[in-house]
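First up is the structure itself, then whatever we jot down about it.
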Amino acid sequence: LPLRASLDTLAWFLLPFILAVTWLGMAVGALFRTRESAMAIVFGLSAPLLFSSGVAWPVEAMSASLREIVGVVPAFPGINGIVRLTQMGASRAEVFAEWHRLWILAFVYLPAAWLAEAVRPRASDDAEPGTESESIA
């Protein structure tokens, strides 16, 4: 597939996308006791999120309320912006709304990730005195 965006434009767009996805992942990951249960939930949600992004199913066919619900996931503006940049040759001005929404999501998820990490119990908190995990620390 041809890449119709310059690398600096792609980096400009990917920065808030990567930050939003990372901080959302940290916040959601803290809700689960094990990594495996988090992966099972995320895997189950991946297909509906792909369809709701507008790549595999037209966005116009979805209700406005559903678009607003999936709009809080960075994949929605991220996929749309990346496809428009790389495949349609859109300019920065044409994807500015998606870029702006990604920054908003990133700054919403940053305190959520920070709070989730601050209150999440650590493995060393569950260890009994004199165990190997305590002696390593």
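The values are calculated or read from the model by the stated rules, or taken from the named source; none is laboratory data. If you're wondering where the values come from, they're calculated on a predicted model, not measured in any experiment. No Cβ is skipped: glycine too gets one built from the backbone with ideal geometry, and neighbour counts run over all protein chains shown.
The single condition among (1) free of Cβ contacts under 8 Å to residues at least 24 places away in the same chain; (2) over 23 Å from residue 5 (Cβ atoms) that residue 97 does not satisfy is (2).
Looking at region 42-58 only, could you name the residues that are assigned to a helix (DSSP H, G or I) and in contact (Cβ under 8 Å) with a residue 12 or more places away in the chain?
42, 49, 50, 52
Kindly establish whether residue 54 is surrounded by 14 or more Cβ atoms within 10 Å (Cβ to Cβ), small (Gly, Ala, Ser) and within 16 Å of residue 103 (Cα to Cα). Let's see the steps before the verdict.
Numbers: surrounded by 14 or more Cβ atoms within 10 Å (Cβ to Cβ): yes; small (Gly, Ala, Ser): yes; within 16 Å of residue 103 (Cα to Cα): no.
Against the criterion (surrounded by 14 or more Cβ atoms within 10 Å (Cβ to Cβ), small (Gly, Ala, Ser) and within 16 Å of residue 103 (Cα to Cα)), residue 54 does not qualify.
Note on region 59-85: among residues that are free of Cβ contacts under 8 Å to residues at least 24 places away in the same chain and of a type in the set (A, V, I, L, M, F, W, C), the one that is surrounded by the most Cβ atoms within 10 Å (Cβ to Cβ) is 70.
Listed by position, the helices (runs of 4 or more DSSP H) contained in region 75-137 that have at least 3 residues being under 18 Å from residue 18 (Cβ atoms) and at pLDDT below 95 are 75-86, 96-119. Kindly indicate whether any position in region 38-50 is farther than 18 Å from residue 99 by Cβ and either touching a Leu at 6+ places or on another chain (Cβ under 6 Å) or acidic (Asp, Glu) (or both). No, because not a single residue in region 38-50 is farther than 18 Å from residue 99 by Cβ and either touching a Leu at 6+ places or on another chain (Cβ under 6 Å) or acidic (Asp, Glu) (or both).
Residue 42 meets all of the listed conditions (1) surrounded by 14 or more Cβ atoms within 10 Å (Cβ to Cβ); (2) modelled with pLDDT of 90 or more; (3) over 27 Å from residue 4 (Cα atoms) but one, namely (2). Can you find even one residue in region 19-38 that is buried (at least 16 other Cβ atoms within 10 Å of the Cβ) and of a type in the set (Ser, Thr, Tyr)? No, because not a single residue in region 19-38 is buried (at least 16 other Cβ atoms within 10 Å of the Cβ) and of a type in the set (Ser, Thr, Tyr). The C-beta contact set for region 28-41 (first residue free of Cβ contacts under 8 Å to residues at least 40 places away in the same chain and farther than 17 Å from residue 119 by Cα, second residue surrounded by fewer than 12 Cβ atoms within 10 Å (Cβ to Cβ) and hydrophobic (A, V, I, L, M, F, W, C), distance under 8 angstrom, 6+ apart or interchain) comprises 38/31.
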